[in-house]
Amino acid sequence: MRIKFSLAVICAFSLGLIWAVQALAHAFLDRSYPPDNSVLTASPPEIKLWFSEAITPRFSAIQVLDQNGNSYPLKSIQGVPDDPTLLIIELPDLKDGVFTVNWKVISSEDG
């Protein structure tokens, strides 16, 4: 009897952990275009970021930084109605150099 009760408590606790982890889940970057660590011959007109779940574009923040940490103003950040996991970032003309894209997004589930 005691073993069955202990097993039931362990199962219930495990399920509770699984639900708690899912509740704390966030959208993670799934892929991008251009891909990570790309070497390009010209500045791309836009960057596409796909996330692991639907995101809320109006609560998203994107930064494009050069190798010195200078931020560049973006032309636009747009969601795509047909694909709620996709953000499209329209870029200004970037000079030759190394650039980093930083992002913070909120998934639709979190919002």
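Quick one: Karplus J couplings for segment 48-61, per residue in order, coefficients 6.51, -1.76, 1.60, θ = phi - 60°, nearest Hz, x for Gly and Pro?
Along segment 48-61, the couplings run 10, 10, 9, 10, 6, 8, 4, 10, 9, x, 5, 9, 9, 10 Hz.
Going 7 Å from the Cα of LYS104 in the Cα-to-Cβ direction, what parts of segment 39-65 have a backbone nitrogen less than 15 Å from that spot?
It comes to 56-64, nothing else.
Got a number for the accessible area of ILE77? Probe 1.4 Å, square angstrom, nearest 10.
Here the residue's solvent-accessible area equals roughly 60 Å².
Binning at 10 Å from 0, report for segment 35-99 what percent of all alpha-carbon pair distances ends up in each bin.
Per 10 Å bin, starting at 0, the Cα pair percentages come out as 19, 50, 28, 3.
The values are calculated or read from the model by the stated rules, or taken from the named source; none is laboratory data. Just so we're clear, the structure is a prediction, and the values are computed from it rather than from any experiment. Please note: Cβ atoms are built from the backbone with ideal geometry, for glycine as well, and neighbour counts cover all protein chains shown. Heavy atoms of the whole protein, side chains included, go into the accessibility calculation; ligands, DNA and RNA do not. Shrake-Rupley method; radii C 1.70, N 1.55, O 1.52, S 1.80 Å.
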